[in-house]
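Colleague: Please read through the structure below; I'll follow up with questions.
The values are calculated or read from the model by the stated rules, or taken from the named source; none is laboratory data. Since the structure is predicted, the reported quantities are computational estimates derived from the model, not experimental observations. Every residue, glycine as well, gets a Cβ built from its backbone with ideal geometry; the counts of neighbours run over all protein chains shown. For the accessible areas, the whole protein counts, side chains as well, though only heavy atoms, and no ligand, DNA or RNA atoms are used. Shrake-Rupley method; radii C 1.70, N 1.55, O 1.52, S 1.80 Å.
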Protein chains: 2
Amino acid sequence: MEAIVVRRGETSPTVADLPLPDPEPGEALVRTLRVGVDGTDHEVIEGNHGGFPEGEDRLVLGHEAVGVVAEAEGTPFEEGDVVVPTVRRPPAEGANEYFERGEPDMAPPDACRECGIDGAHGFMSEYFTAPAEYLVPLPEDLAEWGFLVEPVSISEKAIEHAAAARSAFDWDPETGLVLGNGSLGLLTLAMLDQRGYDRTYCLGRRDRPDPTVDIIEELGATYVDSRRTPVTQIPDTHEAMDFVYEATGYARHAFECIEALAPNGVGALLGVPEPWEFEIDGGRLHKEFVMNNKALVGSVNSNVSHFEAAVETLGDFPAWFLDDLVTGVHDLDDYEAAFADDETTIKTAVQFSQI
Amino acid sequence: MEAIVVRRGETSPTVADLPLPDPEPGEALVRTLRVGVDGTDHEVIEGNHGGFPEGEDRLVLGHEAVGVVAEAEGTPFEEGDVVVPTVRRPPAEGANEYFERGEPDMAPPDACRECGIDGAHGFMSEYFTAPAEYLVPLPEDLAEWGFLVEPVSISEKAIEHAAAARSAFDWDPETGLVLGNGSLGLLTLAMLDQRGYDRTYCLGRRDRPDPTVDIIEELGATYVDSRRTPVTQIPDTHEAMDFVYEATGYARHAFECIEALAPNGVGALLGVPEPWEFEIDGGRLHKEFVMNNKALVGSVNSNVSHFEAAVETLGDFPAWFLDDLVTGVHDLDDYEAAFADDETTIKTAVQFSQI
């Protein structure tokens, strides 16, 4: 079968011919429908994140997949079931406490592998296998958008953890700010809209006309151009934010967002930047954080419960939003187009087969 | 009646003669037993924190009080009841949503006054009045230690908010680090011990022999001398911490504690530093925060529920701990001794009357 891989020493994906995988006990064989491409894939391809499976010189890419069960084997699934795989798998030495209690998303990096990212093959192949416990069912009518379940699940977790951090008091967020107008940022913006935020904002650095700004405004949110309104000035220019979601990976935002938060607000940090030294007014930020009961939560990955919530969320997105967000679904023979990263591209996927 | 006040333009407390206060409807008159002194009092005296009541040139000090109901008026209390007052009161314009729902601790600074600190007189007088809803009953056998309920309540809230921030997953903290060996730090260390932490640590910058180090070790905790082991090196020298409680007001600690946290750990920030610009490796901290699902919560003040929890906590402290922690209880004619701030002083109180 054909697969999209990155080889050691190379910085662009290629197609390789691999043997059809053989399900182990407890695993199903899944025929791949579509696999999304995101910023993490680009970091993996460029060698800035993740790593190859032990002893191998190539990695099958892709962690945002949807497929159809081809061989259920002894699993609770039936052939034809539409499923989405989760991303984390136990490390080589076997399952640990995080996997045993269904919270692999809380495992530290050295206590897990990530399919398509770090130490385990991903889903960009015509077929893949997965243990049944890592497959989440999806209604068939959502199959075409199923590759969005994984990124939505990332925000389900971040929003859940942020709300938990405010659960010791009566917190009713009205204003939300998403830092970053990439596909994850836009998905999260739509989620805040769905969850009843009164006023939402999305920060980017794009000139109009721009398709992401169009989506932001169609969602009823306000576009904030960071070149004109830095994060720290958002409360003065617009208003203070009950919730800030950072999806830029720009390290200054992790600290500047403290100043964008309203009293009792919470920031969720999702970006994974490189080392970068810079100056902050740490005294002022510290005091502001304390005197106004603010909070920050870091969030990575997601577990089955977040995938299940994401399936619900995906089903509630308006059709126009999904149509506008997904700017390209490319067949395997045109896979390179799915890895384009220009200003007309928002979200892409590679299509391996039809339902 | 006599009261301990700070006057505008002065930087040391003095005794003033004030009229006996007259309870308003819903208020009780309380005969003051003892009032504790803490770092905030010193900041208020030095003019670095808080402010005078509107239109006045002096502030009655003290926010850590215990007293006996002298006139219950129409309140649910009876004369002779031992009570502890909470600290926050509505602003001049009247109660707002935070007070209405019993969460004045979540009010931003401009939406509340603080007795003895900011805009409202404190409790360092022979009598004070308070609305019944701001008085928390205390068993009579704890009356002598009742001035510790307020500082313990501060940590009740911080620990509650920190645990809430970890409530979206299975969190079972084993290791706890308190930054700061002042009285609040030591009280918090004893609370972590009470709550079943397996291993606790307390950071200070004192040479042995030192009474705070003796208490730390008597509690079974490990003393960390920050001059030898900076916060960032604690995981290598000792171990990573599931919970860090910052009570130093040293702004670098707010950021360094991210590196002291174990995966999935949470830091509670309590200090209120002055502005201070310094360099951090914001990229590394941001990545560390995200990849290991860490959290930070800022926490200030406390509400009635935290005072009630603090009463329980206080009753469970071992007697030796309270004896060693409280290094001086001084009568009003010796009040200056209660404001001493040397290396043999841990916690002091002014005694206004006997039970």
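Colleague: Would you mention how many residues in the stretch B:262-278 are over 23 Å from the mean Cα position of the chain (by Cα) and within 25 Å of B:ASP242 (Cβ to Cβ)?
Modeller: The total comes to 3.
Colleague: When the stretch A:193-224 is examined, which residues are found to be touching a helix residue (DSSP H, G or I) at 6+ places or on another chain (Cβ under 8 Å), closer than 14 Å to A:GLY182 by Cα and not in a loop (DSSP other than H, G, I, E, B)?
Modeller: A:TYR201, A:CYS202, A:LEU203, A:GLY204, A:PRO211, A:THR212, A:ASP214, A:ILE215, A:ILE216, A:TYR223, A:VAL224
Colleague: Now for a separate question. Is there a residue in the stretch A:225-248 that is touching a helix residue (DSSP H, G or I) at 6+ places or on another chain (Cβ under 6 Å) and of a type in the set (Gly, Ala, Ser)?
Modeller: So far as the stretch A:225-248 goes, yes, one or more of its residues are touching a helix residue (DSSP H, G or I) at 6+ places or on another chain (Cβ under 6 Å) and of a type in the set (Gly, Ala, Ser).
Colleague: Answer with yes or no whether A:THR75 is in contact with a helix residue (DSSP H, G or I) (Cβ under 8 Å, 6 or more places away or on another chain) and open to solvent by 80 Å² or more (accessible area, probe 1.4 Å).
Modeller: no
Colleague: Another question, if that's okay. Of all residues in the stretch B:262-310, count the ones that are more than 9 Å from every other protein chain (Cβ to nearest Cβ) and farther than 30 Å from B:GLU114 by Cβ.
Modeller: Narrowing the stretch B:262-310 to residues more than 9 Å from every other protein chain (Cβ to nearest Cβ): B:265, B:267-268, B:302, B:304-310.
Now drop any that are not farther than 30 Å from B:GLU114 by Cβ, which leaves B:265.
So the answer is 1.
Colleague: Right, something else. Going by the structure shown, is A:LEU148 more than 30 Å from B:SER305 (Cβ to Cβ) and surrounded by fewer than 24 Cβ atoms within 10 Å (Cβ to Cβ)?
Modeller: Details: more than 30 Å from B:SER305 (Cβ to Cβ): yes; surrounded by fewer than 24 Cβ atoms within 10 Å (Cβ to Cβ): no.
So A:LEU148 fails the test.
Colleague: What are the residues in the stretch A:108-128 that are over 17 Å from the mean Cα position of the chain (by Cα) and within 14 Å of another protein chain (Cβ to nearest Cβ), if any?
Modeller: Across the stretch A:108-128, the qualifying residues are A:PRO108, A:ASP110, A:ALA111, A:CYS112.
To keep it simple, each residue is scored yes or no on (1) on the phi > 0 side of the Ramachandran plot; (2) open to solvent by 60 Å² or more (accessible area, probe 1.4 Å).
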position: A:LEU187; (1), (2): no, no
position: A:ASP193; (1), (2): no, yes
position: A:GLY196; (1), (2): yes, no
position: A:THR200; (1), (2): no, no
position: A:LEU203; (1), (2): no, no
position: A:PRO209; (1), (2): no, yes
position: A:THR212; (1), (2): no, no
position: A:GLU217; (1), (2): no, yes
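Table: residues versus (1) assigned to a helix (DSSP H, G or I); (2) within 14 Å of chain A (Cβ to nearest Cβ); (3) touching a residue at least 60 places away in the same chain (Cβ under 8 Å); (4) aromatic (Phe, Trp, Tyr).
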position	(1), (2), (3), (4)
B:ALA130	no, no, yes, no
B:ALA143	yes, no, yes, no
B:GLU150	yes, no, yes, no
B:LYS157	yes, yes, yes, no
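Colleague: Say whether the condition of being under 15 Å from B:ALA130 (Cα atoms) and of a type in the set (D, E, K, R) is met by at least one residue in the stretch B:99-111.
Modeller: No.
Colleague: Here's something else I'd like to know. Just one of the numbered conditions (1) in contact with a His (Cβ under 8 Å, 6 or more places away or on another chain); (2) open to solvent by less than 20 Å² (accessible area, probe 1.4 Å); (3) within 21 Å of A:ALA319 (Cα to Cα) is not true of A:LEU179; which one?
Modeller: Of everything listed in (1) in contact with a His (Cβ under 8 Å, 6 or more places away or on another chain); (2) open to solvent by less than 20 Å² (accessible area, probe 1.4 Å); (3) within 21 Å of A:ALA319 (Cα to Cα), A:LEU179 misses just condition (3).
Colleague: Looking only at the stretch B:74-106, which residues are within 14 Å of chain A (Cβ to nearest Cβ), free of Cβ contacts under 8 Å to residues at least 24 places away in the same chain and assigned to a loop (DSSP other than H, G, I, E, B)?
Modeller: Listed by number, the residues that qualify are B:ASN96, B:ARG101.
Colleague: Among (1) of a type outside the set (A, V, I, L, M); (2) surrounded by 19 or more Cβ atoms within 10 Å (Cβ to Cβ); (3) away from every other protein chain (no Cβ under 14 Å), there is one condition B:ASP236 misses while meeting the rest; what is its number?
Modeller: B:ASP236 satisfies all of (1) of a type outside the set (A, V, I, L, M); (2) surrounded by 19 or more Cβ atoms within 10 Å (Cβ to Cβ); (3) away from every other protein chain (no Cβ under 14 Å) except (2).
Colleague: Does B:LEU33 qualify as being within 25 Å of B:ILE355 (Cβ to Cβ) and open to solvent by 40 Å² or more (accessible area, probe 1.4 Å)? Steps first, answer last, please.
Modeller: On the way: within 25 Å of B:ILE355 (Cβ to Cβ): yes; open to solvent by 40 Å² or more (accessible area, probe 1.4 Å): no.
So B:LEU33 fails the test.
Colleague: Next up: Take the stretch A:204-220 and flag every residue that is among the aliphatic types (A, V, I, L, M) and in contact (Cβ under 8 Å) with a residue 40 or more places away in the chain.
Modeller: Matches in the stretch A:204-220: A:ILE215, A:LEU219.
Colleague: I'd like to verify a number: residues in the stretch B:241-256 that are assigned to a strand (DSSP E or B) and more than 10 Å from every other protein chain (Cβ to nearest Cβ), how many?
Modeller: The total comes to 5.
Colleague: Tell me which residues, restricted to the stretch A:257-284, are open to solvent by 10 Å² or more (accessible area, probe 1.4 Å) and part of a helix (DSSP H, G or I).
Modeller: Scanning the stretch A:257-284 gives A:GLU259, A:ARG284.
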